[in-house]
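S.K.: Quick one: structure below, then a few questions.
Just so it is clear, none of the values below were taken in a lab; they were calculated from the coordinates. Here the structure is a predicted model, which is why all the values come from computation and not from measurement. When we count neighbours, we look across all protein chains shown, and the Cβ atoms used for this are built from the backbone with ideal geometry, even at glycine.
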Amino acid sequence: MEIFSWNRYTKKMQDFLKRPLSVGTFGQQPDGMICLKAEAGAKEEGNWFHIQIVVDTADGVIADVKYLFFGPTILLVSLESLSRFIVRKNIKQAKKITPEILDRFLRQEESKPALDEKQIPYLLFVIEGFLEALSQAPEIDIQEYTTPLDGMKGDRCETLAQDWDELSDPKRMEILENVFEEHIRPFLAIDEGGVQILGIENQTQVKIAYSGNCTSCFSSIGGTLQGIQNVLNQRIHPKLTVVPDLENLHLGH
């Protein structure tokens, strides 16, 4: 069994190790849900896990994930990160997840990968198991979608930046970047889209520029835009608004 030192993990990976939320198994299956299961590896080889993915049969949305495992800490990190990432996404979206998307989800710095070459095989191992479980899903009528941010509501965060007006612009940008990196960009990346923060005007208007597939999607000025604003309102301050760079869009007619 390979051992990975604590300093080889980003802060988010360390947090997952300290407080894994998805370890365990489900009891009774809720009505209207289906539980997809998969098992991979072997305990005697030092790498094994069993996963359960609960899916709503009405819309194909993943309601929850649980897993058991035996292996090194990087296996736990991989299972926990993927479990948290796919909840609230539908099956189609979950099947698009790649090591690159999850690496961005786990990063501490935008330009520095979270996983090294010895850790990536564990993530691939876990992704394969999740895909095997998802492949067992029955035919479900999943409506067309743009990004998982469309119409996102979510729970209000308890740590709103109540002192937003007193903060410096660099500090505001730092807070925004952290929220975008953790709660917005990973969702857009599923559909090969992205977003950058151009700046803040009048302390409350957050100007953004889309990239990738987001530049040609009408939802970028509709559901996705509203979803981004909802996230900022919930996690930073309720008076923030989001303004997209319209010149960067190619929506056609």
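S.K.: Considering Cα pairs under 8 angstrom that are at least six residues apart, work out the relative contact order of the stretch 164-248 and quote it in whole percent.
M.R.: So the answer I get is 28 percent.
S.K.: List the relative contact order of the chain as a percent without decimals, with contacts defined as Cα pairs under 8 Å and 6+ residues apart. Present the calculation step by step, with values, prior to reporting the outcome.
M.R.: Numbers: 403 pairs, mean separation 41.0, N = 253.
Taking the mean separation of contacting Cα pairs over the length of the chain, I get 16 percent.
S.K.: Right, next: At what distance in nm do the modelled label points of L167 and L124 sit from each other, each positioned 7 Å from its Cα along Cα→Cβ?
M.R.: Placing both labels 7 Å beyond Cα along the Cβ direction yields 3.9 nm.
S.K.: In Å and from the alpha-carbon atoms only, list the Rg and Dmax of the chain.
M.R.: In order Rg, Dmax, the Cα atoms of the chain give 19.2, 60 Å.
S.K.: Across 5 Å bins from the origin, how do the percents of Cα pairs in the stretch 164-248 run, short distances first?
M.R.: Answer for the stretch 164-248: a P(r) of 3, 15, 29, 28, 16, 8, 2, 0 percent.
S.K.: Continuing with this model, one more query. Please compute the modelled spin-label separation between W48 and I142, points set 7 Å along Cα→Cβ, answer in nm with one decimal.
M.R.: Calculated label separation equals 3.1 nm.
S.K.: When the chain is treated as a GNM, springs tying every alpha-carbon pair under 10 Å, which of G193, G27, G46 comes out with the largest mean-square fluctuation?
M.R.: Result: G27 has the largest fluctuation of those listed.
S.K.: Report Rg(Cα)/(2.2 N^0.38 Å) for the stretch 168-217, keeping two decimals.
M.R.: 1.19
S.K.: Would you mind putting 168-178, 62-72 in packing order, based on average other-beta-carbon counts within 10 Å, highest first?
M.R.: Per-residue Cβ counts within 10 Å, averaged per peptide and sorted highest first, yield 62-72, 168-178.
S.K.: A follow-up question, please. Please rank F187, F180, F26, fewest neighbouring Cβ atoms within 10 Å first, as an exposure proxy.
M.R.: Numbers: F187 25, F180 22, F26 15.
Ascending number of Cβ neighbours within 10 Å: F26, F180, F187.
S.K.: So what are the ³J(HN,Hα) numbers for the stretch 112-126, from phi and the Karplus equation (6.51, -1.76, 1.60; θ = phi - 60°), rounded to whole Hz, Gly and Pro as x?
M.R.: Karplus-based 3J(HN,Hα) across the stretch 112-126 equals 10, x, 7, 10, 9, 5, 7, 8, 4, x, 5, 5, 4, 4, 5 Hz.
S.K.: Hey, another quick one. Give the peptides 209-217, 134-142 in descending order of average Cβ contacts within 10 Å, highest first.
M.R.: Numbers: 209-217: 17.9, 134-142: 12.8.
The densest-packed peptide leads the list: 209-217, 134-142.
S.K.: Same structure again: Under 18 Å from a point 7 Å along the Cα-to-Cβ line of T57: which residues of the stretch 5-41 have their amide N that close?
M.R.: Label zone hits: 27-37.
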